[in-house]
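Take a look at the structure set out below.
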Amino acid sequence: MTAQKGRDLLLKLDNDGSGNYQAVAGLRSHTLSFNSQSVDITHQESTGAWRELLAGAGVRSASINGSGIFKDAQSDATIRQIFFNNNIVSWQVIIPDFGIVSGPFQITSLEFSGEHDGEMTFDLALESAGSLNFTSI
């Protein structure tokens with residue numbers, strides 16, 4: 001992957017389950033993390049006492065963190081409603097020249113902040129809540 005503009009990493013939401021993803025906020029920073037827990041199967045006879053891991057086992061997950069400004073009152077209301085209803089909805093992350101990750105996520109953190117001489121900002125954390133799809137672009 002060549003150098004890319006950070007603003008080209010996009011986060012979109014499918015709020016009604018129609019498969020129609022819409023950007024809901026003006027994110028200024030984003031992070032997408034993939035995680036995989038390992039299953040340790042080391043035993044007394046492991047060669048050289050080196051740790052052994054069980055392939056294909058464990059739990060995989062993804063986390064998305066973002067901060068920015070809401071682009072309009074509707075996007076603000078949508079995010080708040082999803083959080084307070086504790087809903088799991090489909091989100092999509094577009095990574096330029098890499099691919100698209102989509103699937104169910106739950107908002108696990110929603111924070112608002114602001115300076116007296118600046119705009120109101122928010123921080124958002126999402127955790128995967130099911131199987132994710134990856135499509136190369």
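Reported count of residues in the stretch 96-137, each being part of a strand (DSSP E or B), within 22 Å of residue 75 (Cα to Cα) and more than 12 Å from the chain's Cα centre (by Cα), is 9. Considering the stretch 82-95 alone, what residues qualify as being hydrophobic (A, V, I, L, M, F, W, C) and not in a strand (DSSP E or B)? Residues satisfying the conditions are 82, 83, 84. Yes or no: residue 95 more than 15 Å from residue 13 (Cβ to Cβ) and out of contact with any Pro (no Cβ under 6 Å at 6 or more places or on another chain)? Considered against the rule, which asks whether it is more than 15 Å from residue 13 (Cβ to Cβ) and out of contact with any Pro (no Cβ under 6 Å at 6 or more places or on another chain), residue 95 comes out as yes. Here the condition is being in contact (Cβ under 8 Å) with a residue 60 or more places away in the chain and among the charged types (D, E, K, R); of 119, 127, it holds for 127 alone. Counting the residues of the stretch 67-81 that are assigned to a helix (DSSP H, G or I), more than 15 Å from the chain's Cα centre (by Cα) and hydrophobic (A, V, I, L, M, F, W, C) gives 2. From the residues in the stretch 37-48 that are surrounded by 10 or more Cβ atoms within 10 Å (Cβ to Cβ) and of a type in the set (Gly, Ala, Ser), which one is nearest to residue 76 (Cα to Cα)? Residue satisfying both the conditions and the ranking: 38. Selection of first residues in the stretch 86-99 that are farther than 11 Å from residue 126 by Cα and of second residues that are assigned to a loop (DSSP other than H, G, I, E, B) and at pLDDT 85 or above, restricted to Cβ pairs under 6 Å at least 6 apart or on distinct chains, gives the following pairs, ordered by first then second residue: 92/21. Could you go through the stretch 11-22 and let me know if any residue there is polar (S, T, N, Q), over 17 Å from residue 107 (Cβ atoms) and not in a loop (DSSP other than H, G, I, E, B). No, because not a single residue in the stretch 11-22 is polar (S, T, N, Q), over 17 Å from residue 107 (Cβ atoms) and not in a loop (DSSP other than H, G, I, E, B).
A single entry from 57, 77 fulfils the requirement of being of a type in the set (Gly, Ala, Ser), farther than 15 Å from residue 15 by Cα and surrounded by 11 or more Cβ atoms within 10 Å (Cβ to Cβ): 57.
Tallying residues that are in contact (Cβ under 8 Å) with a residue 12 or more places away in the chain and acidic (Asp, Glu) within the stretch 9-63 yields 3. For residue 69, the criteria (1) in contact with a strand residue (DSSP E or B) (Cβ under 6 Å, 6 or more places away or on another chain); (2) within 30 Å of residue 136 (Cβ to Cβ) hold in every case but one, which is (2).
Filtering the stretch 18-36 to residues that are under 15 Å from residue 79 (Cα atoms) and either modelled with pLDDT of 75 or more or in contact with a Cys (Cβ under 7 Å, 6 or more places away or on another chain) (or both) leaves 21, 22, 23, 24, 27.
The values are calculated or read from the model by the stated rules, or taken from the named source; none is laboratory data. Everything numeric here is computed off the predicted structure, so don't read it as measured data. All Cβ positions, even for glycine, are placed from backbone atoms using ideal geometry, and neighbour counts span all protein chains on display.
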